[in-house]
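Enquirer: Supplied in structure tokens, the structure appears directly below.
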Ligand code: CA2
């Protein structure tokens, strides 16, 4: 099974700042942990700070499932929602922090309705839970 783990803007900074909100793991740590936890999965990993590049990556993905943390674009991007809705691949949205316990503008996700589901507030465990779901639903 092939899974793409896609991260949006500023998530390249994970592990360097705001550990109280996002924890101390870097993106590389998260990717390594997923590889270790799911040796049967062929992972590809991508991160971009650019909305259009995220759209391109979603459109070009030739995988069986996508774990996507759109970061702040979750709250604003109709383009990303349309891209998710346009592809035949199941996408699970992940947010490391509990967006519903934060500022009001983070309470709405434009992208979540186009996804098969959403994991929020469980820290970086959310990535592992999302992969686990994609593996199980593919069986
Ligand atoms: O909780 C999440 O995973 C978010 O997607 C993270 C986004 C935020 O805009 C969403 O509302 C929720 C922000 C990502 C910024 O990541 C940083 C990591 C370390 C230091 C600074 C920013």
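Nothing in this text is a laboratory measurement; each read-out follows from the coordinates by a stated rule. A quick note: this is a predicted structure, and the numbers were derived from the prediction, not measured. Neighbour counts run over all protein chains shown; Cβ positions are idealised from the backbone, glycine included.
Enquirer: Name the shape class, rounded, prolate or oblate, that the alpha-carbon gyration tensor gives for the stretch 21-79, where a ≥ b ≥ c are the square roots of its eigenvalues, rounded holds for a/c under 1.5, and otherwise prolate holds if a/b is larger than b/c and oblate otherwise.
Expert: Working: a/c = 2.50, a/b = 1.28, b/c = 1.95.
Oblate.
Enquirer: Let me ask another. Assign one of three labels to the stretch 1-47, namely rounded, prolate or oblate, based on the Cα gyration tensor with a ≥ b ≥ c the square roots of its eigenvalues; rounded applies when a/c is under 1.5, prolate when it is not and a/b is larger than b/c, and oblate otherwise.
Expert: Details: a/c = 3.51, a/b = 1.82, b/c = 1.94.
It comes out oblate by the Cα gyration axes.
Enquirer: Compute the distance in nm between two label points, each set 7 Å from the Cα along the Cα-to-Cβ direction, one at residue 18 and one at residue 78.
Expert: Label-label distance for residue 18 and residue 78, simple model: 2.6 nm.
Enquirer: Shape of the stretch 2-138 from its Cα gyration tensor (a ≥ b ≥ c, root eigenvalues): rounded if a/c is under 1.5, otherwise prolate when a/b > b/c, or oblate? Write down the numbers at each step before the final one.
Expert: On the way: a/c = 1.44, a/b = 1.06, b/c = 1.37.
Because its axes are fairly even, with a/c under 1.5, the stretch 2-138 counts as rounded.
Enquirer: Under a 10 Å cutoff between Cα atoms, tell me which one of 27, 13, 58 has the largest fluctuation in the Gaussian network model of the chain.
Expert: Comparing 27, 13, 58 in a Gaussian network model of the chain, the most mobile one is 13.
Enquirer: Would you mind ranking 93, 103, 31, 18 so that the residue whose beta carbon has the fewest other beta carbons within 10 Å leads the list?
Expert: Details: 93 24, 103 8, 31 18, 18 12.
Ordered by Cβ neighbours within 10 Å, fewest first: 103, 18, 31, 93.
Enquirer: Just subtract the alpha-carbon distance of residue 29 and residue 46 from 0.36 nm times their residue separation and send over the number in nm, one decimal. Before the final figure, lay out each step's value.
Expert: Working: separation 17, 0.36 × 17 = 6.12 nm, distance 1.38 nm.
So the chain would gain 4.7 nm between residue 29 and residue 46.
Enquirer: Would you calculate a helix-derived [θ] at 222 nm for the chain, using -39,500 (n - 2.57) for each DSSP H run of n ≥ 4 and dividing by the full residue count, to the nearest 500? Please report the intermediate quantities before stating the final value.
Expert: Values: 5 runs with 47 residues, N = 139.
So the helix-based figure for the chain works out to -9500 deg cm²/dmol.
Enquirer: How far is the Cα center of the stretch 93-139 from the Cα center of the stretch 5-42, in Å?
Expert: 14 Å
Enquirer: Sticking with this one: If you rank 111, 124, 76, 42 by fewest surrounding Cβ atoms within 10 Å, what's the result?
Expert: 42, 76, 124, 111
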